[in-house]
Structures are given as C-alpha cells and as structure tokens.
Amino acid sequence: MISSEITEPQRLNYPAARLAVSTFFFLMGLSFSSWAARIPDIKDAMHLSPGQLGTILLGMPLGSLVALAPAGWLVTKIGSRKVTLWSVIVYVGLLPLLGLTTEGWQLGLILFCYGAAGDVANIAVNTQVVSVETGLGKPIMSSCHGLFSMGAFAGSALGGVAIASHLTPLYHFLAVLILSVFIALFSFRSLISTDRNEQTSSEKTPLFVLPDRALLLLGLISFCCMLTEGAMADWSSLYYRQSGGVVASMGYTAFTITMAAGRFMGDWLTVHYGIRKMLKMSGLGIALGMALAVGMPFPMAVIAGFLIIGFGVAAVVPLVYSEAGRSETMSAGIALAAVSTVGYTGFLMGPPLIGFIAEAATLRIALAIVIILGFMIWLLARRIKR
C-alpha cells in the first residue's frame, strides 16, 4: 500500500485528479492509433515502397529515444502538470502536419517530432500518476495505462469510420486535434500541481542521471518486458499465419486484448499480492505463454499462448513506472526517464533481434527468446525488496 504524504484538504481533489490524468492517457492512445490507422493511406498517397516506409517510420522511435533525458529534466524543472498539458497538445497538434506531408523526408521529420512529443507526454503523465497514487494511498498506474489502450481502440474505430466516409487524413486528424484540445483543457484544471519529490527552484536539475542500483533493476525488468512487447507487435501476426492461422492479425489482436484487460485488473491484484509477487507471476506468464505458442505451433495453441503473454505483459511496465516514481534518491521525472531509457531500448531492439535470429534459423526459434525474457523478469523480481 502506498503511504499518503498529502494533507487531508488536498486529498479531496484526488478522485478528480485520477479522472483527469486517466483522460490524458486516453487522449494519447487516441492520437497514436489515429495516426496508425491512416498509415496505409499516407503510404499510397506518397507512393512509398515498403522499404521506404519502414525507414521513414524509424523517425518516431528515434524521436522518443532522443527525448527521454530532456523529458525528465523538463518535468522536474517545470512540473508534470504544465508539461502534461502542453506536450499532449503538441502531440495531437502534429497530427494534421502528418496529413499535410507530400515528401518522405517531411514525413520522417514530423514523425521524429511526434515521437519526441509523445515521450515527453509519457514521462509527464506517469509522473502525475505517481503524485495521484501517493495522495489516494493506492495504486492506479495499471488502470491508467489501460485507458491508453482504450484510447487506442477508440482511435482505431474512429479511423475506420473516417476511412469508410472517405475523409482525408488531414481532416480526420484535424477532428481528433479539436476534440483532444477541448478535452485536455477541460481536464487540466484537475491535475495535481505539486509532484512527489519536487525540487526547489534553487536546486540544480541534471539533464540525465544514471540509474542507481534499485532503478537499474527496474530498468532491466522493463527492458525484458518491452523487448517482448516489441517482438509481439512486429512478429506475432506473422508467426500465427505460419502456424496455420487464417486471419494473421488475430495473433496480435489476442495479445492486445488480454494486455488491455490485464491492466484494468492490475491495480486490484497489486493491492492483494504486492509488486514483487505480481512481477514474478507476470514473468512466469510470459515464459509459459510463449512456451505454449512455440511448443505447439497450431492456431488454437498459438492464440492461447498469446493470450497468456498479454496477461503477463499487462502490469509490468505500469508497476515498474510506479515503483521508479517513488525513488528516494531523485525526482520522479528524472527517475522515470532513467528507467524508461533502459526499457525503451528493449522495445527498439526486440523486432530487429527477432528478425536476425529468424533469418539465421526460424521465426519459431527466434520467438523462443521471449521464454528467456519471461524467466529473467521472474529472477529480477525476486530482488525487489517489497
């Protein structure tokens, strides 16, 4: 249970703050999936080959990686409340520019900025959640991440409607921008103005701090989990098709459904079992799920394995972020940026690593590395003190 460090009068604002910060998670998911839903249309309009598109799409993760350290500094210096608002507005504000691009280099440049803005927003909203958790005296990080998934589902549905209505990406993105800005400005009023472990203006704020031993442990757990997420995002559908599945997308869909459901259950389970036990169970779930998927390469067994992996992955990153944000050695923003840097490296490494191994052997063998990652999470979780 998270101890309360907030006075009773302030506590009255925390239910509203929880709703507000959850709303910002939803808006981020809505923005991201709105872009993702129109990638094929933008690809066709710009006459891009698959190779060209793949290269251009690297702009987003590169922007995210570059922005990690400055994001922690910015949140610590200015406060998560203001950074949350303005970074989310910039994030959705870049959507129409994506719809206006006519050249590959323009798309790559704006995607770089889009990834950077998204990562600043990510650090800010997670820092805000840590403050709200402290005030409420209970974990809410997992359900907040679940709201991101709900936003992503909503964005996909809205994208489908826009495509069916023959709405161009530009006008589709403008609609998302107007809706998001209105909701963000309304929700902003309820965000918490003081972050946990907030520095005074006289303190020097470093751009980047190497994680201490406790944060490095959390970073390594995040690394293993996000490498798994990256592998599932890019390779699960292909593996399902290779196993005999008819609709390839069902592989990744199965994973995302249970990951979203698991995040809404994660807070309740954390209260009952604690962070260490939750992470241990998550690691075992990832390992056992992939063992089933690669051990029995038949459609039904693969789907069952991917469903289990989704539950295993669901709470890991929210738990790690929540624990990192309560660091006693540095501000929440800096701590989250340090842990995110380690973890996000795994997300970037996952897809190409699986691809290289699959090229040398088979995709089935390549995905077996996820079994090792799951057991590593289990082993590392045993070192967490509480």
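The values are calculated or read from the model by the stated rules, or taken from the named source; none is laboratory data. In this text the structure is predicted, and so the values were computed from the model without any measurement. No Cβ is skipped: glycine too gets one built from the backbone with ideal geometry, and neighbour counts run over all protein chains shown.
Cβ-Cβ distances below 7 Å connect the following pairs, each with a first residue in the stretch 220-234 that is over 12 Å from MET349 (Cβ atoms) and surrounded by 24 or more Cβ atoms within 10 Å (Cβ to Cβ), a second residue that is of a type in the set (Ser, Thr, Tyr) and at pLDDT below 95, and a separation of six or more residues or different chains: MET232/TYR252. In the set VAL302, VAL294, VAL320, VAL316, only one residue is touching a Leu at 6+ places or on another chain (Cβ under 6 Å) and surrounded by 24 or more Cβ atoms within 10 Å (Cβ to Cβ); that residue is VAL320.
Would you confirm, using the coordinates I've provided, whether GLY346 is assigned to a helix (DSSP H, G or I), of a type outside the set (A, V, I, L, M, F, W, C) and either touching an Asp or Glu at 6+ places or on another chain (Cβ under 6 Å) or within 15 Å of GLY219 (Cβ to Cβ) (or both)? Considered against the rule, which asks whether it is assigned to a helix (DSSP H, G or I), of a type outside the set (A, V, I, L, M, F, W, C) and either touching an Asp or Glu at 6+ places or on another chain (Cβ under 6 Å) or within 15 Å of GLY219 (Cβ to Cβ) (or both), GLY346 comes out as yes.
Only one of the numbered conditions (1) modelled with pLDDT of 85 or more; (2) among the polar types (S, T, N, Q); (3) under 30 Å from MET330 (Cβ atoms) is not met by THR200, and that is (1).
Only one of the numbered conditions (1) part of a helix (DSSP H, G or I); (2) surrounded by 24 or more Cβ atoms within 10 Å (Cβ to Cβ) is violated by PRO139, and that is (1). Do we find that LEU158 is at pLDDT 90 or above, out of contact with any Lys or Arg (no Cβ under 9 Å at 6 or more places or on another chain) and either assigned by TED's automatic domain parsing to the domain that holds VAL83 or assigned to a helix (DSSP H, G or I) (or both) in this structure? So LEU158 does not fit the description; no. Close Cβ contacts (under 6 Å, 6 or more residues apart or on different chains) running from residues in the stretch 16-43 that are closer than 25 Å to PRO139 by Cβ to residues that are surrounded by 23 or more Cβ atoms within 10 Å (Cβ to Cβ) and polar (S, T, N, Q) comprise VAL21/GLN128; PHE24/THR84; LEU27/SER180.
In the set (1) in contact with a Ser or Thr (Cβ under 8 Å, 6 or more places away or on another chain); (2) buried (at least 23 other Cβ atoms within 10 Å of the Cβ); (3) at pLDDT below 95, the condition left unmet by ILE286 is number (3).
Quick one: would you say PHE148 is at pLDDT 85 or above, exposed (fewer than 15 other Cβ atoms within 10 Å of the Cβ) and either closer than 18 Å to SER87 by Cα or more than 23 Å from the chain's Cα centre (by Cα) (or both)? It is false that PHE148 is at pLDDT 85 or above, exposed (fewer than 15 other Cβ atoms within 10 Å of the Cβ) and either closer than 18 Å to SER87 by Cα or more than 23 Å from the chain's Cα centre (by Cα) (or both). Of all residues in the stretch 302-324, those satisfying the criterion of being over 19 Å from GLY266 (Cα atoms) and touching a residue at least 40 places away in the same chain (Cβ under 8 Å) are VAL302, ILE303.
Taking residues in the stretch 325-339 that are under 20 Å from LEU65 (Cβ atoms), and partners anywhere that are assigned to a loop (DSSP other than H, G, I, E, B) and modelled with pLDDT of 80 or more, the pairs with Cβ atoms closer than 7 Å and at least 6 places apart or on different chains are ALA335/SER327.
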